[in-house]
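Undergrad: Mind having a look at this structure? Questions to follow.
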Amino acid sequence: MNAPTPAHAHAPHLSLPAFARAWGLTAVVFMAIDAVWLVTMAPRLYQPTIGHLLAPEPDLVAAAIFYAIYIAGMVVFTVRPHQRDARLADAALRGGFFGFVAYATYDLTNQATMVNWPWMVTAIDLLWGTFLTGSVTLVSKAILQRRSAGV
């Protein structure tokens, strides 16, 4: 009697070149959309509500490290370029949930530990993180699928 084959035995693996291509594409899409949000919303939302907590200038090294790690997480957990047959809607839902969890970690930690952290900022950030990560996952996955199909 043969032992059952584990489900992961036939799963495709994410190669380093595929990861790098997906990371680069996802980074461009993510940062383009997030830059518009930050430029638009910093003076309207963040400055009036948490301006007293903001540094005069952002720490670009810390921002670059955040983007590198977050986008790597998106590629591995939501975009998943090695799974070519995955449905785009499923990828978008995974992305939205990943964004919700990540942004909730930041905002709810601030909510729990800072004096007068505004609930409005938390709510808007959770919606933004969910939308941003879900939509970037959808766009990135769709482009990668079209490229792999030779379209």
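The values are calculated or read from the model by the stated rules, or taken from the named source; none is laboratory data. From a predicted model like this one, the values you see are computed outputs, not experimental measurements. Note that each Cβ is placed from the backbone with ideal geometry, even for glycine, and that neighbours are counted across all protein chains shown.
Undergrad: Name the residue that is modelled with the lowest pLDDT, counting only residues in region 16-34 that are exposed (fewer than 13 other Cβ atoms within 10 Å of the Cβ) and farther than 18 Å from Ile69 by Cβ.
TA: For region 16-34, the residue satisfying everything is Pro17.
Conditions tested, residue by residue: (1) at pLDDT below 95; (2) farther than 19 Å from Val28 by Cα; (3) within 15 Å of the chain's Cα centre (by Cα).
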position: Tyr70; (1), (2), (3): no, no, yes
position: Leu93; (1), (2), (3): no, yes, yes
position: Gln111; (1), (2), (3): no, yes, no
position: Asp125; (1), (2), (3): no, yes, yes
position: Thr133; (1), (2), (3): no, no, yes
position: Val136; (1), (2), (3): no, no, yes
position: Arg146; (1), (2), (3): yes, no, no
position: Ala149; (1), (2), (3): yes, yes, no
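Undergrad: Please give the number of the condition Ser140 fails out of (1) touching an Asp or Glu at 6+ places or on another chain (Cβ under 7 Å); (2) in contact (Cβ under 8 Å) with a residue 40 or more places away in the chain; (3) of a type in the set (S, T, N, Q).
TA: Of (1) touching an Asp or Glu at 6+ places or on another chain (Cβ under 7 Å); (2) in contact (Cβ under 8 Å) with a residue 40 or more places away in the chain; (3) of a type in the set (S, T, N, Q), only one is false for Ser140: (1).
Undergrad: Now for a separate question. Are there helices (runs of 4 or more DSSP H) fully within region 46-151 with at least 2 residues that are exposed (fewer than 11 other Cβ atoms within 10 Å of the Cβ)? List them. Let's see the steps before the verdict.
TA: Working: elements: 47-50, 60-74, 88-113, 119-148.
So the answer is 60-74, 88-113, 119-148.
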